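What follows is a short report on a single structure.
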Amino acid sequence: MKIALVGYGKMGRIIDEISQNRGHEIVARLRETPTAENLNNADVAIEFSNPEVAFENIKTCLENKIPVICGTTGWLDKKPEIEKIALENNTPFLYGSNFSLGVNLFFALNENLAKMMNKFSEYNCQLEEIHHIHKLDAPSGTAISLAEGIIQNSNFEAWKLEETKEKELGIFAIRENEVPGTHSVFYRSEVDEIEIKHTAYNRNGFALGAVIASEWIVDKKGVFTMKDVLGL
Ligand SMILES: NC(=O)C1=CN([C@@H]2O[C@H](COP(=O)(O)OP(=O)(O)OC[C@H]3O[C@@H](n4cnc5c(N)ncnc54)[C@H](OP(=O)(O)O)[C@@H]3O)[C@@H](O)[C@H]2O)C=CC1
Ligand SMILES: O=C(O)C1=N[C@H](C(=O)O)C[C@H](O)C1
């Protein structure tokens, strides 16, 4: 498969190595806006850039009929517009706030736990995410996905950073050294605490998941998530 890497920073470089090890050809390594020319007839684009540029990057790829796997976080207010562009161009699109297998299993575990805990008003819920100091967005995309999974299965109505009112789920975002990504869900009562936690040791799991998603998407039509790729 011919892969265009749109964004060539910490993630792009690891995806490059994993893709080549799996027999793919990297036809573009972009640190600037993609164009019909510099995308080089790629079969798929893997987009890991930054929140400011992601929308334009994805739009350009889709308008050039190149399927997109997007891992960039912090631009989600524009996702409905991108999904419309994908469908209009009959070109598949997949956004994943986190491509690692472990986190996608953690999402499923979190949704089931939320369903069960919702029956017990003794417990309140909070989320915490810890990332490296270079991260541009807060809360993390993964924390937002976790919050959405809880909200769908509980009486919470919305999530909010830190200070919360009733029916708001609090997310605490911490920036520390070079932490690749740690997410915890806490249920606390007067007498005890339940914590589920995912700790990424490095970025390899995110990168492998994005390559697996790009292998999966090439012959599909529509808008997808990692749940579709993993059959969860
Ligand atoms: N979904 C997931 O599983 C994961 C998501 N992420 C997310 O992915 C994104 C990227 O993370 P990371 O690789 O660590 O970030 P980096 O800052 O290391 O890399 C970003 C890259 O984008 C490049 N860039 C800047 N402007 C453009 C543009 N207009 N078009 C294309 N590329 C551009 C930068 O180039 P230059 O250096 O020259 O500015 C840099 O190479 C973040 O949003 C992060 O939150 C991260 C890990 C996992
Ligand atoms: O910026 C990062 O590094 C990461 N971003 C993603 C997010 O916002 O959830 C995924 C992972 O936690 C690393």
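Nothing in this text is a laboratory measurement; each read-out follows from the coordinates by a stated rule. Everything quoted here is computed from the prediction, not taken from an experiment. Note: ideal-geometry Cβ built from the backbone for every residue, glycine included; neighbour counts use all protein chains shown.
Modelled label-to-label distance, Ile18 and Leu87, 7 Å Cα→beta-carbon offset: nm?
3.0
For Arg175 and Arg31, what does the FRET efficiency come to when R0 = 25 Å and r is the distance between their Cβ atoms, rounded to the nearest 0.05?
Calculated transfer efficiency: 0.60.
As a check on your grasp of the helix formula, calculate [θ] at 222 nm for the chain: sum -39500 (n - 2.57) over DSSP H runs of n ≥ 4, divide by the residue count, round to the nearest 500.
Dividing the helical sum by the residues of the chain leaves -10500 deg cm²/dmol.
Suppose a student asked you for the relative contact order of the range 101-200, using Cα pairs under 8 Å spaced at least 6 residues apart; what percent would you report?
34
Find how much the distance from Tyr201 to Glu122 grows on full extension, using 0.36 nm per residue of separation minus their present alpha carbon separation; answer in nm with one decimal.
Additional length available on full extension: 25.1 nm.
Counting only DSSP beta bridges with both residues in the chain, what percent are antiparallel, rounded to the nearest 5?
35
How many angstrom lie between the Cα centre of the range 1-33 and the Cα centre of the range 58-72?
When both Cα centres are located, 14 Å separates them.
Could you tell me the relative contact order of the chain? Use alpha-carbon pairs under 8 Å, at least six residues apart, and round to a whole percent.
It rounds to 21 percent for the chain.
Filter the trypsin sites (Lys or Arg not before Pro) in the range 52-124 to those in DSSP coil with at most 15 other Cβ atoms within 10 Å of their Cβ, and list the result.
Sites meeting the loop and neighbour criteria: Lys65, Lys119.
What nm distance separates the two modelled labels at Leu109 and Lys78, each placed 7 Å from Cα along Cα→Cβ?
According to this spin-label approximation, the distance is 3.5 nm.
To the nearest 20 Debye, how big is the dipole of the range 108-232 about its Cα centre, given +1 on the beta carbon of each Lys and Arg and -1 on that of each Asp and Glu?
It comes to approximately 420 debye.
Give me the number: length gained by fully extending Leu161 to Asn41, i.e. 0.36 nm times residue separation minus the C-alpha to C-alpha distance, one decimal in nm.
Full extension of this stretch gives 39.0 nm more.
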